[in-house]
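The values are calculated or read from the model by the stated rules, or taken from the named source; none is laboratory data. Fair warning: this is a prediction, and the values are worked out from it, not measured in the lab. Note that we place each Cβ from the backbone using ideal geometry, even for glycine, and neighbour counts take in every protein chain shown.
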Amino acid sequence: MKQWLRQHRYALNVTLRRLFLQPFSWVANTLVIALALTLPLIGASILTSVQPLVREVSITPEMTIFMKPNATPEVATQIAQRIKEANNASVSSIKIIRKDTALSELSQNPAWSQALKVLEGNPLPDAVVVSLVSSDQVVTQAQQLAQTWQSWSGVDFVQLDSAWVQRLEALLRFGRIGLALMTLVVGLVVLAAIFNTVRMQALSQREEIAVARLVGATESFVRRPFLYQGGLTCGLAACLAIGLCLWALNPLNQALLGLAKTYGAEFSLRLPSADILVWCFIAAITLGAISARWSVTRHTRF
Amino acid sequence: MIDFQNVSKSYGTALAILTQTSFTVTTGEFVFIAGPSGAGKSTLLKLIAGLEAPNSGQITVNGQRLSDLSARARPYLRRTVGVILQNTHLLYDRSAIENVLLPLAVVGQAPETARSRARAALEKVGLSHKEHANPVELSGGEQQRLAIARAIVNRPAILIADEPTANLDRDTARRVMNVFKDFNQVGVTTLVATHDEDLMAEYAQRVLVIEPGRFRDFPVQRKT
């Protein structure tokens, strides 16, 4: 065990010496990888910040069931009762809005009051407003319920108020897929950058590798410093990317705050949670080490 | 112990270096490998060190058949064979002692022990005063001795050297040969490839001669 640890310490020393011998090339390389990693990290920050907002607005998805204009007030009451009995688990509240109440509320709106005055009677139907219990499948569930309720006698039309939530969710799904693709592309960029750096390094260390093999070094011993180089570069780049992302979120948040205030809301972008960042850091190190291993295995066959 | 049984080695179809060659070198022997340039002396040493593979035949080194050794096991055998190639293969971005420390780092030796063993190896070849010098600051003979120090630091059972005295003046060559002789006297099997007949006459116990298409084994009877 001690021997193994000593060999790792030696590999780390060799790596650091090689890196410090070419500081500018190493720093430039690390910066390129860090900038590439910043892009998906900012994307993840946007998604992480928007997701709770979507969850919040979709907590109370509502459906409005309009009765036929000639339906008696009892029909709305019966429909409300029927919904309560049939869908108790998925319904959080039911409210009946009588056509008189609706008309009086609408009359209070100056935009509508003049138009309503010319009408002889009340053209509005009775309505039942149903709030659904929020769940992951709420949109699908709402669509199914709307289809069922639409077929009931006395019902004229069912309005699904969660359609825009559906669109927002579709947009988020698009964002998630986009982020996954961007992460994949950035991963490939990192892979290529490390592969090429290690290739150059391996070629410049040919003599040292040959001597090490001559004196009985195993292939693991030869590869180890390059693996450390890949891992260290990507690990440092990941830390830099998190720092860059934090720095970039600050002006973005200030701009967003102004926009959110105009809607009377509070919204800010934030980094993904600490455990996700730790996983990203580990993933970056692993990716660096894997591409270094691939490169060194390919370029030290002499 | 080194044992060659019907070993053939050729590069392509045109250049046959060894053809059905058999010989045995017992533990503690001092053997010269002689022959004209290009005859295959270096190849023979590389075959012993496992740096090259034969086309046919069996090579046994320290009781291990090289053909039976996996790629993973080969480096462990190489640690028991100290190799000094014609080109010293020193690392010019490191000091003399750091060059000698490399084989000890390979086996994961503790830093303090490694440093004292490297110093002892440098002392044996008469380079203890140059431990912090860069190899480029050393003369040809000193570079050769540094390569020897690196080869012996892991206390190998076999020491093989390819033209270690080429390009050295007579006194320096003799000094280098004396280092080999000292190691041989403590039981290290030593094989030296050379075409220097004077050195062979002075130091040889046995000479293996490789000539194109021929392999001869000469035991040397020395007057004591």
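Name the residue, out of A:Arg213, A:Arg199, that is in a helix (DSSP H, G or I) and within 14 Å of chain B (Cβ to nearest Cβ). So the residue among A:Arg213, A:Arg199 that is in a helix (DSSP H, G or I) and within 14 Å of chain B (Cβ to nearest Cβ) is A:Arg213.
Candidates are the residues of region A:63-97 that are assigned to a loop (DSSP other than H, G, I, E, B) and not hydrophobic (A, V, I, L, M, F, W, C); the one that is nearest to the chain's Cα centre (by Cα) is A:Ser90.
Between B:Thr80, B:Thr60, the distinction of being within 20 Å of the chain's Cα centre (by Cα) and at the interface with another protein chain (Cβ under 10 Å from one of its Cβ atoms) belongs to B:Thr80 only. For region A:93-115, the set of residues classified as surrounded by 14 or more Cβ atoms within 10 Å (Cβ to Cβ) and modelled with pLDDT of 85 or more consists of A:Ile94, A:Ile96, A:Ile97, A:Arg98, A:Lys99, A:Ala102, A:Leu103, listed by residue number.
Checking each residue in region A:110-152 for being polar (S, T, N, Q), under 40 Å from the mean Cα position of the chain (by Cα) and not in a strand (DSSP E or B) picks out A:Ser134, A:Ser135, A:Gln137, A:Thr140, A:Gln141, A:Gln143, A:Gln144, A:Gln147, A:Thr148, A:Gln150, A:Ser151. Of all residues in region B:154-173, which are more than 20 Å from B:Gly187 (Cβ to Cβ), more than 14 Å from every other protein chain (Cβ to nearest Cβ), of a type outside the set (A, V, I, L, M, F, W, C) and buried (at least 16 other Cβ atoms within 10 Å of the Cβ)? B:Glu163, B:Thr165, B:Thr172 - these are the residues of region B:154-173 that are more than 20 Å from B:Gly187 (Cβ to Cβ), more than 14 Å from every other protein chain (Cβ to nearest Cβ), of a type outside the set (A, V, I, L, M, F, W, C) and buried (at least 16 other Cβ atoms within 10 Å of the Cβ). Taking (1) at pLDDT 90 or above; (2) under 26 Å from B:Leu15 (Cα atoms); (3) surrounded by fewer than 22 Cβ atoms within 10 Å (Cβ to Cβ) in turn, B:Arg79 satisfies each apart from (2).
Cβ-Cβ distances below 7 Å connect the following pairs, each with a first residue in region B:91-108 that is more than 9 Å from chain A (Cβ to nearest Cβ), a second residue that is of a type in the set (Gly, Ala, Ser) and outside any helix (DSSP H, G or I), and a separation of six or more residues or different chains: B:Ser95/B:Ala133; B:Ala96/B:Ala133.
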